Amino acid sequence: MATSVRAKRAGSPPPAAPPSSPGGPRGRRAAPRGWRSTLYRWDIKAIPYVFVAPFFLTFAAFGLFPLLYTGWLSLNRVELGGDPTWKGLENYTDLATSEFFWNALLNTFTIGVISTVPQLLMALGLAHLLNYKLRGRGFFRVAILAPYATSIAAATLVFAQLFNTDYGMINGLLGWTGIGPVDWESSKWPAQIAISTIVTWRWTGYNALIYLAAMQAVPQDLYEAASLDGASRWRQFLSVTIPSIRPTILFTIIVSTIGATQLFGEPMLFGGSVGISGGSGNQFQTLSLLMYEKGWVTGALGQASAIAWVMLLLLLLIGGVQTLVSRRNRTKPGR
């Protein structure tokens, strides 16, 4: 105190304030001035768009443009190597009166149901078993994913040999049980069951791992409380596991339904030389096969584009149903 008073009396200047930090009083850097200020503002605003631009450019080139162009083709009569002719909604009205379209739509629905329902039920059971502490469960978790890693062509060709009418192993096993040989290729329901078996074999393990991940996220306190109440493992599975993973089950149902709507490789390769037409009598022709046949076999690109847009509308309808069901589940009391 005495020293500072004597310094003031002597007329000495006050001590200089400590230099401010480059970031200002709150650590913020002062904005540049002039053209540097403009460049700085453009840098802050434009850099995020630069980072996301590759995705939007790729989507516009390979997603949005083909979608809009296909919609325009569906309103025209377009032949391979010819000029388009405006037809309006005539391609869609032709589909409404085409028995081939309704047959393909029905086949897509039946094959989807036959393949999706057993697939998801088996995946749910496998996930429930793998959720317990089993010996070598790590090996089993990897093994059930092996069919998903197998190519569609390889899996379908193997199953086509298994379901061969003359020398297939499936008919051989049925012969030991007293059942006569089944024509797996020319008959409608046997052919659809065989194709559904291929789809089920490839996707069961994939869905099982999704269910397993959801089951492992269920709190153990719920199982302990149910066990104290005397609930068996089966009752715990029905009353605790299933309600807890209901959103995941709904997700797999939607994804499997979308995959069934776009089914193409399995029926085409299973049918061999008549695979594009879905068999000799179109007994397993799906919407994707009909679209391919219209576009690249008969050359009617306008009709093929109309089928593609009908498939898109079906998928949008499925997505709308999923949204409604999800909202209904969220608005239920106690959720």
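The values are calculated or read from the model by the stated rules, or taken from the named source; none is laboratory data. The structure displayed is predicted, hence computed values, not measured ones. Note: ideal-geometry Cβ built from the backbone for every residue, glycine included; neighbour counts use all protein chains shown. Please note that ligands, DNA and RNA were not included when accessible areas were found on the heavy atoms of the full protein model with its side chains. Shrake-Rupley method; radii C 1.70, N 1.55, O 1.52, S 1.80 Å.
Test of understanding: among Thr257, Thr286, which residue is of a type in the set (Ser, Thr, Tyr), under 21 Å from Gly125 (Cβ atoms) and either touching a residue at least 24 places away in the same chain (Cβ under 8 Å) or out of contact with any Leu (no Cβ under 7 Å at 6 or more places or on another chain) (or both)?
Just a single option satisfies the conditions, and that option is Thr257.
If I go through the stretch 208-247 residue by residue, how many of them are under 17 Å from Arg141 (Cβ atoms) and assigned to a helix (DSSP H, G or I)?
Summing the residues that are under 17 Å from Arg141 (Cβ atoms) and assigned to a helix (DSSP H, G or I) in the stretch 208-247 gives 9.
For Phe284, only one of the following conditions fails: (1) within 27 Å of Leu89 (Cβ to Cβ); (2) surrounded by 21 or more Cβ atoms within 10 Å (Cβ to Cβ). What is its number?
(1)
Okay, residues lined up against (1) touching a His at 6+ places or on another chain (Cβ under 9 Å); (2) modelled with pLDDT of 95 or more; (3) crowded, with 18+ Cβ neighbours inside 10 Å; (4) within 20 Å of Lys133 (Cα to Cα):
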| residue | (1), (2), (3), (4) |
| --- | --- |
| Arg202 | no, no, yes, no |
| Leu212 | yes, no, yes, yes |
| Gln220 | no, no, no, yes |
| Ser227 | no, no, no, yes |
| Ser239 | no, no, no, no |
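For the stretch 73-111, enumerate the residues that are farther than 21 Å from Asn282 by Cβ, in contact (Cβ under 8 Å) with a residue 60 or more places away in the chain and not in a loop (DSSP other than H, G, I, E, B).
Residues satisfying the conditions are Leu73, Asn76, Arg77, Glu79.
Just checking, which of Gly172, Gly178 is loosely packed, with under 13 Cβ neighbours inside 10 Å, in a loop (DSSP other than H, G, I, E, B) and out of contact with any Cys (no Cβ under 6 Å at 6 or more places or on another chain)?
That would be Gly178, the only listed residue that is loosely packed, with under 13 Cβ neighbours inside 10 Å, in a loop (DSSP other than H, G, I, E, B) and out of contact with any Cys (no Cβ under 6 Å at 6 or more places or on another chain).
Considering each of Trp102, Trp86 in turn, give the residue that is over 20 Å from Thr204 (Cβ atoms) and touching a strand residue (DSSP E or B) at 6+ places or on another chain (Cβ under 9 Å).
When all the criteria are applied, what remains is Trp86.
Within the stretch 72-89, track down each residue that is under 31 Å from the mean Cα position of the chain (by Cα) and open to solvent by 80 Å² or more (accessible area, probe 1.4 Å).
Listed by number, the residues that qualify are Trp72, Leu89.
Would you check if there is a residue in the stretch 166-180 being in contact with a helix residue (DSSP H, G or I) (Cβ under 6 Å, 6 or more places away or on another chain), hydrophobic (A, V, I, L, M, F, W, C), free of Cβ contacts under 8 Å to residues at least 60 places away in the same chain and under 24 Å from Leu120 (Cβ atoms)?
yes
Can you go through Tyr40, Tyr49, Tyr69, Tyr92 and tell me which one is modelled with pLDDT of 90 or more, open to solvent by 100 Å² or more (accessible area, probe 1.4 Å) and not charged (D, E, K, R)?
On the way: Tyr40 fails: modelled with pLDDT of 90 or more; Tyr49 fails: modelled with pLDDT of 90 or more; Tyr92 fails: open to solvent by 100 Å² or more (accessible area, probe 1.4 Å).
Selected residue: Tyr69, the only one of Tyr40, Tyr49, Tyr69, Tyr92 that is modelled with pLDDT of 90 or more, open to solvent by 100 Å² or more (accessible area, probe 1.4 Å) and not charged (D, E, K, R).
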